[in-house]
Amino acid sequence: MSVSAPLNPKAAAYAGKLRARACGICIQDNRLLLVRHGSTIGNNAFWAPPGGGLLYGETVQECLRRELLEETGLEVRVERFLFVNEFLQPPLHAIEFFFEVHITGGSLRTGTDPEAAPGEALLEHVQWLTLKELQAIPFKDKHRSLQLLLSLDDLLGQNHYFIA
């Protein structure tokens, strides 16, 4: 397969390998916790639930707690498994495991990508969004799990495997 658009150099560390990712769905006061990432492959910045790549020897739950703290400043309790998404847009490929999470501590802030050099992070912003605010974001600028939502509760009841 060929890449139809250029890869953002900030995403180069993730290219050419399969990544396992843990992602959190956190709904509070009818708002969804989301992070905005810079472009990866010829797209605009995009919104997605927080999460990131598993480290060798780390459980999915440990990864998710670490990633939420790094990206959002929030400590979470990992609850039930929700769904899987496969992202495949060469040279990027990821299998994403989504879990319901609940906040147990911390303060909301835009965090960091510890694996990225200063100024090279893809993470740009963290924010709580209502369904209406989320629906106002252009289709292509949000994670596929968010593109067709009619209710935030839909995220908690999905029993789907999304494929690229």
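The values are calculated or read from the model by the stated rules, or taken from the named source; none is laboratory data. These numbers come from a predicted model, not from an experiment. Every residue, glycine among them, receives a Cβ derived from its backbone with ideal geometry; neighbour counts consider all protein chains shown. The area values use the complete protein model at the heavy-atom level, side chains included, leaving out ligands, DNA and RNA. Shrake-Rupley method; radii C 1.70, N 1.55, O 1.52, S 1.80 Å.
Key figures
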| item | result |
| --- | --- |
| Condition broken by F97, with the remaining ones in (1) open to solvent by 40 Å² or more (accessible area, probe 1.4 Å); (2) closer than 21 Å to A121 by Cβ; (3) of a type outside the set (D, E) satisfied | (2) |
| Top-ranked residue in segment 4-28 [being aliphatic (A, V, I, L, M) and modelled with pLDDT of 95 or more; ranked as surrounded by the most Cβ atoms within 10 Å (Cβ to Cβ)] | A22 |
| Residue under evaluation T72, criteria (1) of a type in the set (V, I, T); (2) farther than 17 Å from L34 by Cβ; (3) touching a Pro at 6+ places or on another chain (Cβ under 8 Å), criterion not met | (2) |
| Matching entry among R31, R66 (being touching a Ser or Thr at 6+ places or on another chain (Cβ under 7 Å), surrounded by fewer than 20 Cβ atoms within 10 Å (Cβ to Cβ) and at pLDDT 90 or above) | R31 |
| Count of segment 78-107 residues which are free of Cβ contacts under 8 Å to residues at least 60 places away in the same chain and not β-branched (V, I, T) | 6 |
| Meets criteria (open to solvent by 40 Å² or more (accessible area, probe 1.4 Å) and over 15 Å from the mean Cα position of the chain (by Cα)) for T112 | no |
| Whichever residue in segment 127-152 is among the hydroxyl-bearing types (S, T, Y) and touching a residue at least 40 places away in the same chain (Cβ under 8 Å) and, among such residues, is least open to solvent (accessible area, probe 1.4 Å) | S145 |
| Selected residue (criterion: modelled with the highest pLDDT) from residues of segment 122-164 that are assigned to a loop (DSSP other than H, G, I, E, B) and of a type in the set (S, T, N, Q) | T130 |
| Test: F87 is at pLDDT 95 or above, buried (at least 16 other Cβ atoms within 10 Å of the Cβ) and aromatic (F, W, Y) | no |
